[in-house]
Amino acid sequence: MAIIFGIILLIIIANWKIYEKANQPGWACIVPIYNTLILLRIVGKPWWWLLLLIIPYIGFIWYIWTVNLLSKKFGKDEGFTIGLIFLPFIFYPILGFGNSKYQA
C-alpha cells in the first residue's frame, strides 16, 4: 500500500514540475477537471477537447493524442509518448525533473 501511495505521490510531484516548466500553476495538477484544462492549454488545444476526452472509448484516442502533444512540447518523440502511457511512474519524473525545456 505504501508503494502505491509513493508512486502516486511521485507522479503528482512530477506533474507539478511539468506544469511549472510550462509556465502554468503547479497546483493545478491536483484539481480535477481544471488540471485537464490546463494540460490542454499546455499542449495548445482548445477547451472543448475536454468534452472529447470524456467520451467513452473515443476519449482514449484523444488522451493518447494529448500525451503525444505533451511529449512533443518538451522535445520528445513518439517513443517517449509510449513510455508516458505505459510507464508513467518512470517517464513523468523524467519529463518533470529532467532537463527538457517547454517549447511554446
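The single residue among Leu69, Leu53 that is of a type outside the set (Gly, Ala, Ser) and under 11 Å from the mean Cα position of the chain (by Cα) turns out to be Leu69.
For every residue, the table says whether it meets (1) touching a residue at least 24 places away in the same chain (Cβ under 8 Å); (2) in contact with a helix residue (DSSP H, G or I) (Cβ under 7 Å, 6 or more places away or on another chain).
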residue	(1), (2)
Asn23	yes, no
Ala28	no, yes
Pro32	no, no
Asn35	no, yes
Val43	yes, yes
Leu51	no, no
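Checking Ile58, Ile94 one by one, the residue that is open to solvent by 70 Å² or more (accessible area, probe 1.4 Å) and either modelled with pLDDT under 95 or in contact with an Asp or Glu (Cβ under 7 Å, 6 or more places away or on another chain) (or both) is Ile58 and no other. Restricting attention to the stretch 1-43 and to residues that are of a type in the set (A, V, I, L, M) and outside any helix (DSSP H, G or I), the residue that is least open to solvent (accessible area, probe 1.4 Å) turns out to be Ala22.
The values are calculated or read from the model by the stated rules, or taken from the named source; none is laboratory data. Note that this is a predicted model, so its numbers are computed, not measured. For neighbour counting, all protein chains shown are included, and Cβ atoms are generated from backbone atoms with ideal geometry for every residue, glycine included. Protein only, heavy atoms only, side chains kept; ligands, DNA and RNA dropped before computing areas. Shrake-Rupley method; radii C 1.70, N 1.55, O 1.52, S 1.80 Å.
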